[in-house]
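Here the structure comes first, spelled out in structure tokens, and everything after it is commentary.
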Amino acid sequence: MADTRTSDSLGAANLRAVFKAYDVRGTVPDQLDEDLARATGRAYVRVLGARTVVVGHDMRASSPGMAGAFASGASEAGADVVMIGLASTDQLYFASGHLGHPGAMFTASHNPAQYNGIKLCRAHAVPVGADTGLHEIRDLVASGEVTERFVPAPAAGSISEHDVLEAYAAHLLTLAPVSGRRLKVVADAGNGMAGWTAPAVFGRMGTDQVDLVPLYFELDGSFPNHEANPLDETTLTDLKARVLEEKADVGLAFDGDADRCFLVDERGRAVSPSTLTALIAARELAKEPGATIIHNLITSRAVPELVTELGGTPVRTRVGHSFIKARMAETDAVFGGEHSGHFYFRDFWRADSGMLAALHALAALAGTDVPLSQLLAAYERYPMSGEINSEVSDQAAVMDTLEAEYAGQDGVTTDRLDGLSVSHPDWTFNVRPSNTEPLLRLNVEGRDQETMEAVRDGVLARIRGGKQ
């Protein structure tokens, strides 16, 4: 079963989950199929009261058919539909913001080939969360009101096509223009949608600014080379090797729908997303001194430290794009970063964009005469474990046991903002339950490698020895 933790996933685990396995020979999903997509389009228009809807899709075999079915359903409910065709998720967010309409994106993001799903937003890329329409859409579909009892609108809406790729590329480069020394960049699209958007973006910069070395730019939803999930460092193997082979300045790795970006430095080493968060935060604070920066609770503590040192205001939030975007709106934050590789920009309708994050990194690097590893050294302070999953049947009981054990120690504080966070001056860890699987997800950080490993091993022993 696919990960349905994101709050914009239509199907909760108890109702036809948004990501479901389908036959990789080309048939549509057995649960998220074109009939369900059509019903979702009808429900989406009714719940949001949408008059016009923007629809995009990724390169998966089932995506065009389901995007078309969703468009038909939205039209039957009376909305006009603007089809932008092949798109990255952040390109769909651009279309929603640029055109001022709600949007639907058909993609399974970083998940393997046998999955698909829908990401929904309101006009100007405002998220549709559990409490802001998602459950209403789900319940309307489940009730039969938009299936067997559906009554079409008196006048069907139109369905038209609109290409926004070049406008998207131009807009990103106004937000993070790249100038300075020429860079050699290896970009791994993983056969995902960055293979569509990167040529448009990098083509605008020109070869006098960037020498682009494309890796797996061919759109292929079967992912023949590796999964498009750069959070799994094993998928970066080819990129690291190519960076070294080409003597490149930087490597970029995008996930399947290209809304996330990871960096590899000139030594062929993966860069922590927390480090990139700190770099972009510093750039944004240079433009707007004193601004607010959002970071989620598994981001390195180096991020709030640096934001404070630079005169900004760090605000900590839960993991997940709906929480990040909501806090950005509440605080007028200029930027938000997640350790998962999602980066959110106020000037991009508070939406996340892997390509815009990449441009910030390139702009920072091109403006110096030092290698990427040296540029980023100022933003790397503490070793981190990365996310470690353990199968646990009673996650709440294990977290309660952990809290009771650690809460009494000197210098330790705990909170339950998202799972269990335990902090000490020398280390910190967070344990969060999966919403869809019997897993606990552990992230640990320490003042040095030895401390991090000791805390990591101690917490893991307690989690795995105390399974309920």
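What aspartates and glutamates could a cross-link reach from residue 287, if we take a straight Cα to Cα line under 17 Å and drop same-chain neighbours fewer than 8 places away? Within the straight-line limit of under 17 Å, residue 287 reaches these aspartates and glutamates: 309, 332, 347.
Projecting the Cα atoms of 87, 135, 203 onto the dipole axis of the chain, where Lys and Arg carry +1 and Asp and Glu carry -1 at the beta carbon, places 135 farthest toward the positive end. A full extension of the chain between residue 435 and residue 374 corresponds to an added length of 18.1 nm, given 0.36 nm per residue minus the alpha carbon distance. Bridge orientation summary for the chain: considering DSSP beta bridges with both residues in this region, about 55 percent are antiparallel.
Quick one: grab the alpha carbon gyration tensor of segment 219-286, order the square roots of its eigenvalues as a ≥ b ≥ c, and give me rounded if a/c is under 1.5, else prolate or oblate depending on whether a/b is larger than b/c. It comes out oblate by the Cα gyration axes.
Derived from the Cα gyration tensor, the three semi-axes of the equivalent ellipsoid of the chain are 34, 28, 20 Å, largest first.
A Cβ-based charge dipole, computed about the Cα centre of the chain with Lys and Arg at +1 and Asp and Glu at -1, lands at about 580 debye. Label-to-label distance, residue 160 versus residue 269, with points set 7 angstrom from Cα along the beta-carbon direction: 5.3 nm. The alpha-carbon of residue 240 sits under 13 angstrom from the alpha-carbons of these aspartates and glutamates, leaving out residues fewer than 8 places away in its chain: 188, 249, 265, 266.
When you count the other C-beta atoms within 10 angstrom of each residue and take the mean per peptide, 251-264, 114-127 line up highest first as 251-264, 114-127. Computed over protein heavy atoms with a 1.4 Å probe, the accessible surface of the chain works out to 38 Å² per residue.
A full extension of the chain between residue 244 and residue 305 corresponds to an added length of 18.7 nm, given 0.36 nm per residue minus the alpha carbon distance. Per q in 0.17 1/Å, what log10 I(q)/I(0) does a Debye calculation on the alpha-carbon atoms of segment 342-423 return? Log-scaled intensity ratios, in q order: -0.92.
What's the carbon and sulfur percent of the chain's accessible surface, probe 1.4 angstrom, rounded to a whole number? Answer for the chain is 48 percent, counting heavy atoms of protein chains only. Peptides 102-111, 408-417 ranked from most to least packed give 102-111, 408-417, packing being the mean of other C-beta atoms within 10 angstrom over each peptide's residues.
Summing -39500 (n - 2.57) over the DSSP H runs of n ≥ 4 in the chain and dividing by its residue number, what mean residue ellipticity at 222 nm do you reach, to the nearest 500 deg cm²/dmol? About -10500 deg cm²/dmol. Taking label positions 7 Å along the Cα-Cβ direction at both residue 412 and residue 397, the computed distance is 2.1 nm, reported to one decimal.
Please state the relative contact order of the chain as a whole percent: Cα pairs under 8 Å, 6+ residues apart?
On the way: 1084 pairs, mean separation 58.6, N = 468.
Relative CO of the chain lands at 13 percent.
The chymotrypsin sites (Phe, Trp or Tyr not before Pro) of segment 374-450 include none that DSSP puts in a loop with a beta carbon having at most 11 other beta carbons within 10 Å.
The values are calculated or read from the model by the stated rules, or taken from the named source; none is laboratory data. If you're wondering where the values come from, they're calculated on a predicted model, not measured in any experiment. Every residue, glycine among them, receives a Cβ derived from its backbone with ideal geometry; neighbour counts consider all protein chains shown. Ligands, DNA and RNA are excluded from the accessible area calculation, which covers all protein heavy atoms including side chains. Shrake-Rupley method; radii C 1.70, N 1.55, O 1.52, S 1.80 Å.
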